[in-house]
Amino acid sequence: MAITKSKVLIIGATGYIGKNVCKASVKQGHPTFILVRSLISADPAKAELIKSFQESGVTALKSLVSAFRQVDVVNSTVGGASLVDQIKILQAATEAGTIKRFLPSEFGIEVDRLELEFRMTDGLFGDKRKVRRAIEKFGIPYTYVAWCLRRLDNIGTFTIKAIDDHRTQNRILHIRPKENITISIFQVVSNEI
C-alpha cells in the first residue's frame, strides 16, 4: 500500500534555506505549496526562482487562509527579522485547525539548551524561544530542527523526511556531522583564513 505524502506549505521558500527545503519537498514527491508575497515580483531573481518551482509542480499561494485549507504541514524558513511573525502564523494555523505539524525556522543552535549566560531574552535566540513557547501553548504538533555544519541540500532532505516520521513529532531533530568531519571542516576553514 502506498504511503500518502503530506501536503507541505513552505513559508520563506525563496530564501537561503527555504529554496533547498522546497526542492527537497518536490524531489521526495510531496504536494508542495509556497506562500508568496506580492513584493517578490519586484525581485527578478526571486521571481525566477518561484517560476522554476512552479514548473516543477509547486503551487504558489498568496493567502495564508487558502494555504492552510490545502496543506497538512507548515515548514517555516523565514529569516531572522521575521522569526516572531511566526506567532501570527501559528495563531492562524490554530484557528484553521487543519495543520498536523509545524516546523519553525529553527535551523541552527538548539536554543533551549544554551548555557544560562547565553539565554538572552531578546535578539535571535530570544525570538526563537518565544516561537517555541507559542507552538507549545497552541498545542500544534511540531518538529524543531537543530542543524550544524551540514550542506544546505542535506538540511532540505532531512527536514522533509522528518515531516512524515512520527518519531520526530514534538521532538528536536539534531542534524550534525560526526566529530571527525567537524574537525576536518574547521581545519580546512582555518587554513583558508
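Coordinate-derived values only; no laboratory data. Fair warning: this is a prediction, and the values are worked out from it, not measured in the lab. All Cβ positions, even for glycine, are placed from backbone atoms using ideal geometry, and neighbour counts span all protein chains on display.
Computed extension length for residue 16-residue 138: 41.1 nm, one decimal, from 0.36 nm per residue of separation with the Cα-Cα distance subtracted.
Put in order of Cβ neighbour count within 10 Å, fewest first, the listed residues 61, 124, 83, 9 become 124, 61, 83, 9.
Its Cα gyration tensor gives the stretch 3-51 an equivalent ellipsoid. The semi-axes, each the square root of 5 times an eigenvalue, are 22, 10, 8 Å from largest down. Each of residue 109 and residue 56 was given a label point 7 Å from its Cα along the Cα-to-Cβ line. The distance between the two points is 3.2 nm. Ordered by the number of other Cβ atoms lying within 10 Å of each residue's own Cβ, fewest first, 55, 106 fall into the sequence 55, 106. Applying 1/(1 + (r/R0)^6) with r as the Cβ-Cβ distance of residue 124 and residue 42 and R0 = 22 angstrom yields a FRET efficiency of 0.25.
For the peptides 89-100, 26-37, residues were scored by their other Cβ atoms within 10 Å and the scores averaged per peptide; the highest-first order is 26-37, 89-100. Taking 25 Å as R0, compute the FRET efficiency from the Cβ-Cβ separation of residue 171 and residue 95 and round it to 0.05. Taking R0 as 25 Å, the efficiency between residue 171 and residue 95 is 0.50.
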